[in-house]
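Quick notes on the structure that follows.
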Amino acid sequence: MSYNVDEKGYYGQFGGAYIPEMLYPNIEELRENYLKISQTEEFKKEFDHLLRHYVGRPTPLYLAKRLSAKYGAKIYLKREDLNHTGAHKVNNTVGQILLAQRLGKKRIIAETGAGQHGVATATVCALMGMECVVYMGAVDIERQQPNVKRMQMLGAKVVAAESGSKTLKDATNEAIRDWINNPTDTYYIIGSVVGPHPYPDMVARFQSVISEEMKWQLMEHEGRDYPDRVIACVGGGSNAAGAFYHYLDDERVELIAAEPAGLGLNSGKTAATTSKGKPGVLHAAKTLLMQTEDGQVVEPYSISAGLDYPGIGPMHAHLFDSGRGSFEYVTDDEALKACFEVSKLEGIIPALETAHAFAALNNLDLKKDEIVVINLSGRGDKDLNTLMKYV
Amino acid sequence: MKRIQRAFENKKDGLLSIFITAGYPNLNDTVEVLKELEANGVDMVELGIPFSDPMADGPVIQEASGVAINNGMTLKLLFEQLKDLRKQVNIPVLLMGYLNPVMQYGYEAFCKSCKEVGIDGVILPDLPLYEYEEEYKDLFESHGLANVFLVTPETSVERIQKLDTLTNGFLYLVSSSSTTGKKDGIDGTTDYFKRVQNMKLNSPTLIGFNVKDAASYKTACTYSQGAIIGTAFIRSLNKNNDLKTAIQEFISSIRQEKIENNA
């Protein structure tokens with residue numbers, strides 16, 4: 001059994017392309033070309049060059065000694081927070097903008113929640129001299145002002161999504177609407193492993209550099225190229241997809257996804273999709289979705305804007321459904337506590353999203369010589385507004 | 001299905017189809033609106049199933065959808081409201097909406113309920129063609145449901161031909177690549193309408209998206225069997241609290257130019 005995407009764009013029963021006819025030519029163009037283009041030597045060379053010299057890859061795999069001592073295992077941190085722009089998101093935007101250029105597109109659109117993907121998109125658009133429009137929920141614009149200003153400095157136009165809950169889901173709706181209205185010259189850079197096929201697979205491939213590096217780095221540190229467990233936080237799930245990618249079919253490795261429980265799984269204020277969701281269709285993919293009996297999408301809640309999404313990438317829905325992945329649910333309070341703990345123990349302030357992955361350590365029965373890799377997906381500077389209340 | 005076919009047989013051109021979100025403006029207006037539309041000479045109605053995240057719709061239909069959901073509209077309730085539909089309304093009625101509410105209701109249960117109340121067809125823009133062909137075509141057809149496909153200016157000739165053979169209702173020509181109710185009208189895309197017209201398709205066609213007044217209705221009728229109006233109709237209900245008057249005024253405003261031209 002393979003846990004990766006099949007030739008029709010499905011992960012088990014999840015995935016596919018549930019798109020209206022207005023988007024059919026765009027998605028077809030992408031589906032026909034994304035592998036063809038991204039697997040050419042010329043593309044790979046430019047992609048690798050930019051990741052190395054512009055983004056700052058490879059990112060370190062760092063043995064966190066004090067954290068290891070506390071939890072009684074060998075805990076490595078994959079330092080995606082050290083990427084240019086402060087998170088893993090830029091791996092994907094570099095890949096997609098190179099693709100957009102080769103498809104002859106002139107204008108880039110994106111959605112963003114916490115603003116990390118928006119900043120990463122605005123960054124590569126500045127780099128390539130392309131027009132950039134980022135859709136962001138009006139609520140998120142309020143709570144993530146520094147990232148809004150960063151995007152504007154980078155030359156992007158930030159458009160407030162005023163519909164629905166005014167968060168990531170609605171920003172995604174607005175970006176899709178923009179694409180429907182501008183089908184020929186515009187390329188939509190989706191920031192996570194969500195949306196219609198081929199996006200989940202394409203984004204996972206661009207992020208797979210994370211586990212590709214982990215393999216040789218573990219070989220250097222430990223003399224074997226796999227850990228016992230990989231832990232990553234999951235909203236849509238792009239950093240987890242990248243960290244799991246090369247271990248999907250390697251059953252020696254436990255794949256642990258930390259989902260946001262918000263105020264608690266049964267509080268009605270949560271974004272723990274695998275716990276609260278059922279199969280449904282949102283943003284053109286079949287996946288697990290938090291919804292009412294009538295099929296209306298339920299507004300999610302999490303302290304972390306980047307995890308505040310009512311769905312989950314189809315790859316992760318399948319990892320959950322098949323039992324291949326282990327899913328841990330972390331509340332706002334647990335994430336906050338972990339955020340402060342990692343800051344004090346390791347001198348690293350993680351993003352609130354990433355803090356969910358650290359908090360999951362408490363739920364695990366760890367053994368002393370076990371090798372655990374936590375994907376440190378982003379740095380916490382952007383969360384200072386939220387964190388200041390607790391310092 | 002039969003009612004749709006009959007509608008196109010009886011009227012070779014100038015068909016007027018109206019889109020209205022179920023449960024809008026008030027929860028129990030659904031059947032009343034259908035009756036008034038028929039009384040005013042409308043040929044067909046598309047009843048919108050409200051959805052929380054209508055990604056292909058502009059602000060007016062988004063809002064109508066949100067209002068209907070807040071009113072308490074659900075697919076289950078809609079079928080209850082339509083229980084006596086065929087005692088009161090004779091024109092074809094289609095359900096149009098996003099896939100997720102249908103999926104949660106269950107495809108089989110949905111088709112069965114449609115048949116029970118006398119729904120003639122469905123328009124589910126985000127149901128992929130491959131999935132329809134492989135899994136649901138027989139189910140829909142055995143319940144007498146026509147499946148209507150969307151065509152856009154970007155749809156290839158081969159694909160239009162395929163959709164033509166697959167539909168047993170009509171093809172819905174989306175006037176331009178846009179979300180619903182973008183204000184540009186439909187004059188800019190007449191080349192595309194002509195192109196489709198010249199393909200001599202087997203299925204009838206209706207033009208929708210951005211048809212908003214007598215002039216654009218007339219343009220649509222020049223290139224196809226008629227037009228579908230949604231956003232402009234919903235907007236006209238916002239302006240007027242009296243449903244009956246609002247519907248009468250709107251429909252006569254659309255038909256007016258057509259009548260004058262025929263005279």
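Which FRET efficiency, nearest 0.05, do A:GLU220 and A:LYS65 yield, Cβ-Cβ r, R0 22 Å? It comes out at approximately 0.80. Restricting the calculation to Cα atoms, chain B shows an Rg/Rh of 0.93 when the hydrodynamic-style radius is the Kirkwood one. Here's the picture: charge each Lys and Arg Cβ at +1 and each Asp and Glu Cβ at -1 in chain B, and of B:ILE69, B:GLY14, B:GLY188 the one pushed furthest to the positive end of that dipole is B:GLY14. Residues of the range B:146-193 that lose at least 20 Å² of accessible area (1.4 Å probe, protein heavy atoms only) when the other protein chains are present, relative to their chain alone, are B:LEU150, B:THR152, B:GLU154, B:ARG159, B:SER177, B:SER178, B:THR179, B:LYS182. Taking every DSSP beta bridge with both residues inside the protein assembly as shown, roughly what % is antiparallel (nearest 5)? Among the beta bridges of the protein assembly as shown, antiparallel pairing accounts for roughly 20 percent. Here the range A:37-130 has 53 percent of its accessible surface on carbon and sulfur atoms, given a 1.4 Å probe and all protein chains in place. Sorting A:18-25, A:336-343, A:235-242 by their mean Cβ neighbour count within 10 Å, with the most densely packed peptide first, gives A:235-242, A:18-25, A:336-343. Does chain A classify as rounded, prolate or oblate by the C-alpha gyration tensor (a ≥ b ≥ c root eigenvalues; a/c under 1.5 gives rounded; else a/b over b/c gives prolate, otherwise oblate)? Rounded, since a/c falls under 1.5. Quick check on the range B:1-139: take the gyration tensor over C-alpha atoms, sort the square-rooted eigenvalues as a ≥ b ≥ c, and tell me if it's rounded (a/c under 1.5), prolate or oblate. Rounded.
Around the amide H of A:GLY195, modelled in the peptide plane, lie the amide H atoms of A:ALA285, all under 5 Å away and 5 or more residues distant in sequence or on another chain. Give me the distance between the Cα centres of the range A:234-276 and the range B:212-246, rounded to whole Å. For the range A:234-276 versus the range B:212-246, the Cα centre distance is 47 Å. Placing a label point 7 Å from the Cα of B:LEU27 along the Cα-to-Cβ direction, the residues of the range B:62-85 whose backbone N falls under 20 Å from that point are B:63-85.
Under a model in which nothing but the beta-carbon of Lys, Arg (+1) and Asp, Glu (-1) is charged, the protein assembly as shown shows a dipole of about 760 debye around its Cα centre.
Computed from point charges on the beta carbon alone (+1 for Lys and Arg, -1 for Asp and Glu), the dipole magnitude for the range B:98-198 about its Cα centre is near 340 Debye.
Among the cysteines of chain A, A:CYS233, A:CYS339 have no other cysteine beta carbon within less than 4.7 Å of their own.
For chain A, DSSP calls about 30 percent of its internal beta bridges antiparallel. Cross-link pairs exceeding 19 Å between alpha carbons, from the set B:LYS35/B:LYS112; A:LYS278/B:LYS83; A:LYS169/A:LYS286; A:LYS89/A:LYS382; B:LYS83/B:LYS112: B:LYS35/B:LYS112; A:LYS278/B:LYS83.
Computed from the C-beta positions of A:ALA126 and A:ASP381, the FRET efficiency with R₀ = 22 Å rounds to 0.65. If R0 is 22 Å, the Cβ-Cβ spacing of B:GLU134 and A:SER322 corresponds to a FRET efficiency of close to 0.45. Accessible-area loss of 30 Å² or more (1.4 Å probe, protein heavy atoms, chain alone versus all protein chains) is found in the range B:86-113 for B:ASN100, B:MET103, B:GLN104. For the range A:187-329, the C-alpha radius of gyration sits at 1.06 times the compact-globule guess of 2.2 N^0.38 Å, with N the residue count.
Spatially, the range A:39-63 and the range A:155-227 are offset by 17 Å when compared through their Cα centroids.
The values are calculated or read from the model by the stated rules, or taken from the named source; none is laboratory data. Just so it is clear, the structure is predicted and the values come from calculations on it, not from any experiment. Every residue, glycine among them, receives a Cβ derived from its backbone with ideal geometry; neighbour counts consider all protein chains shown. Surface areas here come from the heavy atoms of the whole protein model, side chains and all, with no ligands, DNA or RNA. Shrake-Rupley method; radii C 1.70, N 1.55, O 1.52, S 1.80 Å.
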